[in-house]
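The values are calculated or read from the model by the stated rules, or taken from the named source; none is laboratory data. No experiment lies behind these values; they were computed from the predicted model shown. Cβ sites come from the backbone with ideal geometry, for glycine too, and all protein chains shown count toward neighbours. Keep in mind that these areas ignore ligands, DNA and RNA; they rest on the heavy atoms of the full protein, side chains included. Shrake-Rupley method; radii C 1.70, N 1.55, O 1.52, S 1.80 Å.
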Amino acid sequence: MKPTRPIAIVAGALALANAAPSQTPTPFGAVVEVSRVLTEVRVVDLDGNPVLGLTPDDFRVILDGRPAEVEAVTWITSDRKVEEMRPDATPGTKGAEPAEPIQEGRTIVVLVQSDFGLEPSRTVGLMRMAPRAADFVRALDPGDRVALLTYGSHLRLLSDFTTEHQALAESVTTMDILEGAADPPPTVPPLLADHLDSREAKMAAQMVDGLELIGRALGEIPGAKSLVYFGFALGRDSTGPGIGVGRRYERAMEVLSASRTSVFSLDLTDADYHTLGLGLMILSEDTGGFYLKTHQLPDLAMDRLTRVISSYYELSIVPPPDLDDEFKIKVKVDRRGVRVHTRQWHPSNYEW
């Protein structure tokens, strides 16, 4: 097991090889040839706007310290004005053309953490951000599927995947989140409830346990996913520097990575700094999302979220020979003033 970084979290995150060619059964019974590393990469400017028109030549990929070739790039966007977004970019050094946009509805999970002890700095943050979370859901594109979960003393599924965004937004209120009294709108399969055991959800003693259950359920649903996490903590204070979550974080990271889920953490805490925010930062970095505080500029945080998750590039990477069963990926883009968000760990052949 390799730790994600020294002392920050008392756990690592395993990544199983997905580079060596093999016949692998999928959750839906098909058989695919696993001979490439596939990963989603979000490339944005310093304001959070998607950077368009990238080609395979623009990306530099390192797998466990060794360079790897980007064979192909696909640009996925949820924007309804996709025809207006076609990039007019100069081909790369090898003559590669910019990726053509493909419009695709998103799979989004909104997870809201509440403090059953009603600690003021957390409750104030929840009251501040619940209306903004509702506005976020309300403004989603028609083809987006969104589900709502909460975590207080355990994990609860308030509403399964739906495209009735307005109806779901009406239930994203502070009281509905605290009491779990939302009346869910009509659902659209595939559903989380088909793979999320309600008894295990009630037994989820820590948020990291809930994340593992969510990752397992999402692993049975095809495609890339975004987990928008309005929360205040992951893990617990430890006696040394950093926080401790032990083996639980490793398990959660395995299933979240295998399910192609990126976590975007919006910190509810009404404070400039708190130690438990470190877990949220690391979780988002490891899964290819980001971490933002919301106590000072909440509308700016929500605006950045909306822009960053609007599109991503899917990279098909030719792995170097004899890649270890555990590896970490780094992606850079040869342009100035950009930020790159990508998952650090890439399990494949994962058995649920």
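Miscellaneous remarks
- Residue in the stretch 163-183 that is charged (D, E, K, R), under 21 Å from the mean Cα position of the chain (by Cα) and at pLDDT 95 or above present: no
- Filter result (among the β-branched types (Val, Ile, Thr), open to solvent by less than 30 Å² (accessible area, probe 1.4 Å) and closer than 15 Å to residue 139 by Cβ) within the stretch 293-336: 308, 309
- Within the stretch 208-232, the set of residues being open to solvent by 10 Å² or more (accessible area, probe 1.4 Å), of a type in the set (A, V, I, L, M, F, W, C) and out of contact with any Lys or Arg (no Cβ under 9 Å at 6 or more places or on another chain) comprises just one member, 213.
- Qualifying residue in the stretch 184-194 (condition: of a type in the set (Ser, Thr, Tyr), out of contact with any helix residue (DSSP H, G or I) (no Cβ under 9 Å at 6 or more places or on another chain) and more than 17 Å from residue 162 (Cβ to Cβ)): no
- The one condition from (1) surrounded by fewer than 17 Cβ atoms within 10 Å (Cβ to Cβ); (2) among the hydrophobic types (A, V, I, L, M, F, W, C); (3) within 20 Å of residue 265 (Cβ to Cβ) that residue 188 does not meet is (3).
- Single residue of the stretch 253-283 satisfying the filter (in a loop (DSSP other than H, G, I, E, B) and without any contact (Cβ under 8 Å) to a residue 40 or more places away in the chain) that is nearest to residue 327 (Cα to Cα): 275
- Residue match in the stretch 262-275 (condition: of a type in the set (A, V, I, L, M), more than 22 Å from residue 132 (Cα to Cα), in contact with a Ser or Thr (Cβ under 8 Å, 6 or more places away or on another chain) and open to solvent by less than 40 Å² (accessible area, probe 1.4 Å)): no
- Residue 84 meets each of the listed conditions (1) at pLDDT below 85; (2) part of a loop (DSSP other than H, G, I, E, B) apart from (2).
- Candidate set: the stretch 103-130, residues that are in a loop (DSSP other than H, G, I, E, B) and of a type in the set (D, E, K, R); chosen: the one surrounded by the fewest Cβ atoms within 10 Å (Cβ to Cβ): 119
- Count of residues meeting criterion [surrounded by fewer than 21 Cβ atoms within 10 Å (Cβ to Cβ) and in contact with a His (Cβ under 8 Å, 6 or more places away or on another chain)] in the stretch 143-160: 1
- Any chance residue 172 is assigned to a loop (DSSP other than H, G, I, E, B), surrounded by 20 or more Cβ atoms within 10 Å (Cβ to Cβ), in contact with a helix residue (DSSP H, G or I) (Cβ under 9 Å, 6 or more places away or on another chain) and not acidic (Asp, Glu): yes
- Scope the stretch 102-124; condition touching a residue at least 60 places away in the same chain (Cβ under 8 Å), in contact with a helix residue (DSSP H, G or I) (Cβ under 9 Å, 6 or more places away or on another chain) and not acidic (Asp, Glu); matching residues: 107, 108, 109, 110, 111, 112, 113, 114
- Among the residues of the stretch 224-282, those that are of a type in the set (Val, Ile, Thr) and modelled with pLDDT of 90 or more comprise 228, 255, 261, 263, 269, 282.
- Restricting attention to the stretch 201-220, the residues being assigned to a loop (DSSP other than H, G, I, E, B), more than 13 Å from residue 253 (Cα to Cα) and of a type outside the set (A, V, I, L, M) number 2.
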